Every structure is written in structure tokens, then in C-alpha cells.
């Protein structure tokens, strides 16, 4: 039986950021309140918590821009019809594509696809891949040439 690969701190941070953003949206909470009431966040190593908060704060700071770009890439879909969890993981990935200089587009997209498979299923993962791939090609084509950073 194959061992399950342990998640690295960045993947954990991405997942935690997505979950906190989801909790903030669904629970109509501020990010700090969502993180304080989130036991998984409280137990996580400092490196993971720091990365998760960096991502979540960045998503909130650039939320209107991220949502506008996601909406522009939707083909025959309306933004308000998307699953809240899919929106959060696309926001996190798109924030990394646009604002994290050290993260290649392929890494951000692959991470979002893997999270979508876990939390939404394969059809959502394919949808997320299409939306993020379109946006990365349009807004950050140079990031497809980047090398994967150590620790990814």
C-alpha cells in the first residue's frame, strides 16, 4: 500500500487560506475572527499560519480585481452561480499568479486543481484549471517559464 505524501508547508498554507476565506465568507466574519475560531489554524506550525494569512490577506486586499478577472474568464457561467469553495481556491491561486513573484503559474494552478479535486470533485478541478489557465496566459504568461521554488 502506497504511503500518502505529506503536504509541504506551502500546500498546507494554501489549503488553510482557502478554508479561512470560505469560513469568513459563509460565516460573514472578519478574517481574524475566522482564523481565531479555526482549530486547524491554531494548531498549525508558524510557517504555515504565516503563509496562510499572507495569502488570505492578499486575496481580501485584491478581492474586487481578482473577482473581476475570474468573472471575465467564465464561459457561459455567472460568478454568483459558482461554488463558494471554488471561488476561494481560484482567488488564492490567481493572487499567487499575479502577486507572488516566486510562484510559477503552473504551481499555483496545480495546487488549485488538487484542492478542487479534494473539496469539489474532478469536474470542478477541470473548470478551475480552465479558468486559471486562461487568466495566467492573459495576465502573466512569463510565469509559465519560471522554475518551481524549493519547498513546493
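Brief remarks on what is shown
- Residue match in the stretch 103-113 (condition: part of a helix (DSSP H, G or I), surrounded by fewer than 16 Cβ atoms within 10 Å (Cβ to Cβ) and at pLDDT 95 or above): no
- The set of residues in the stretch 67-91 being farther than 18 Å from residue 140 by Cβ, in contact (Cβ under 8 Å) with a residue 12 or more places away in the chain and in a helix (DSSP H, G or I) consists of 79, 84, 85, 86, 87, 88.
- The set of residues in the stretch 31-61 being part of a loop (DSSP other than H, G, I, E, B) and surrounded by fewer than 15 Cβ atoms within 10 Å (Cβ to Cβ) consists of 37, 45.
- When each of 132, 98, 82, 94 is tested for being surrounded by 17 or more Cβ atoms within 10 Å (Cβ to Cβ), more than 15 Å from residue 10 (Cβ to Cβ) and modelled with pLDDT under 95, the lone residue that passes is 82.
- Among the residues listed as 64, 28, the single one being over 15 Å from the mean Cα position of the chain (by Cα) and assigned to a loop (DSSP other than H, G, I, E, B): 28
The values are calculated or read from the model by the stated rules, or taken from the named source; none is laboratory data. Not measured: the values here are computed from a predicted model. Cβ: placed from backbone, ideal geometry, glycine included. Neighbour counts: every protein chain shown.
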